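Accompanying notes for the structure given below.
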Amino acid sequence: MSVTTWGKPSIYVRDLSAATNNWKKLDTPKEDTTQLNPTKGDTTEAKEEGGGIVDSKTTKSTYELVYQEFIKKGLPQPFPTIDGLIEGNYAIAVQPEDAENPGCYIGKSTVSVEESYSSADGALMQYTHKALVPEGDEVAKTTNKKGETVYCQFRWRIITAKKAKGKTDEYVLTFKHPAGATDTETEVTVPTNGQVEGDA
């Protein structure tokens, strides 16, 4: 067991075109290529004469999750692509090597790809998930100080993956809040009607 979230991750993606779609586990990415890239929101300042700051406000951060996949003999790529474009929206969950640690969750994203080749690495596909606001997503839901419901582009979650009942290479995922949250016991299962191996 590790204290941090480092190590070999497991990446799961889910096509959002249907509520009943299960998750699919991607092939292990190229070493050290899986990373979350946040961009801090813009800050606007109200200044008084002399340069003192009276007030400031910052817009929300944005997020991109990036990883590289090898093109391997007999292994299909996870997304159909047309000149770097991938149609539709996808959720993505990155489970750390020690699954008791929190992983990355983006409930809705657009996906793009950059294809490359070198004699050192062979053929590679670099996928970029641009996080969007996942309206109605229970996993990404939180409440602000005004008591309003907010759906976050990115969340840390404890992720558990189980094989979907009667399906090949498909999974049902459950999510919990990490340590420090008000509620660390409630689980959200996606898809909500998902059945796993062993269910009656």
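Coordinate-derived values only; no laboratory data. No experiment lies behind these values; they were computed from the predicted model shown. So basically every Cβ, Gly included, is an ideal-geometry build from the backbone, and we count neighbours across all protein chains shown.
Within 10 Å of each candidate Cβ there may be at most 10 other Cβ atoms; applying that plus a DSSP loop requirement, which GluC sites (Glu not before Pro) in the range 1-99 survive?
Sites meeting the loop and neighbour criteria: Glu31, Glu48, Glu49.
What is the chain by shape, rounded, prolate or oblate, if you read a ≥ b ≥ c off the alpha carbon gyration tensor as root eigenvalues and call it rounded for a/c under 1.5, prolate for a/b larger than b/c, and oblate otherwise?
Oblate, since a/c reaches 1.5 and b/c is not below a/b.
Pairs Lys30/Lys72; Lys40/Lys108; Lys60/Lys145; Lys24/Lys167; Lys130/Lys162; Lys73/Lys130: which exceed 21 Å Cα-Cα?
From Lys30/Lys72; Lys40/Lys108; Lys60/Lys145; Lys24/Lys167; Lys130/Lys162; Lys73/Lys130, over 21 Å: Lys130/Lys162; Lys73/Lys130.
Within the set of other residues whose C-beta is less than 15 Å from the C-beta of Gly136, count the net charge using Lys and Arg as +1 and Asp and Glu as -1.
For residues surrounding Gly136, the net value is 0.
With a cap of 13 neighbouring Cβ atoms within 10 Å, and only residues DSSP puts in a loop, list the GluC sites (Glu not before Pro) found in the range 98-200.
Sites meeting the loop and neighbour criteria: Glu100, Glu135, Glu148, Glu185, Glu187, Glu197.
Within the chain, what is the longest stretch that has no trypsin sites (Lys or Arg not before Pro) placed in a DSSP loop and near at most 11 other beta-carbon atoms within 10 Å?
74-144
Pop out the ³J(HN,Hα) list for the range 135-142 in order, Karplus 6.51 cos²θ - 1.76 cosθ + 1.60 with θ = phi - 60°, rounded to Hz; leave Gly and Pro as x.
3, x, 7, 5, 5, 8, 7, 8
How large is ³J(HN,Hα) for each residue in the range 58-63, as worked out from phi by the Karplus curve 6.51 cos²θ - 1.76 cosθ + 1.60 (θ = phi - 60°), to whole Hz, x for Gly and Pro?
10, 6, 5, 5, 10, 9
Spelling out what I want: for every residue of the range 176-191, take phi, set θ = phi - 60°, compute 6.51 cos²θ - 1.76 cosθ + 1.60 (Karplus), and round to whole Hz; glycine and proline get x.
Per-residue couplings from phi come out as 10, 5, x, 4, x, 6, 4, 10, 10, 9, 5, 10, 10, 9, 10, x Hz.
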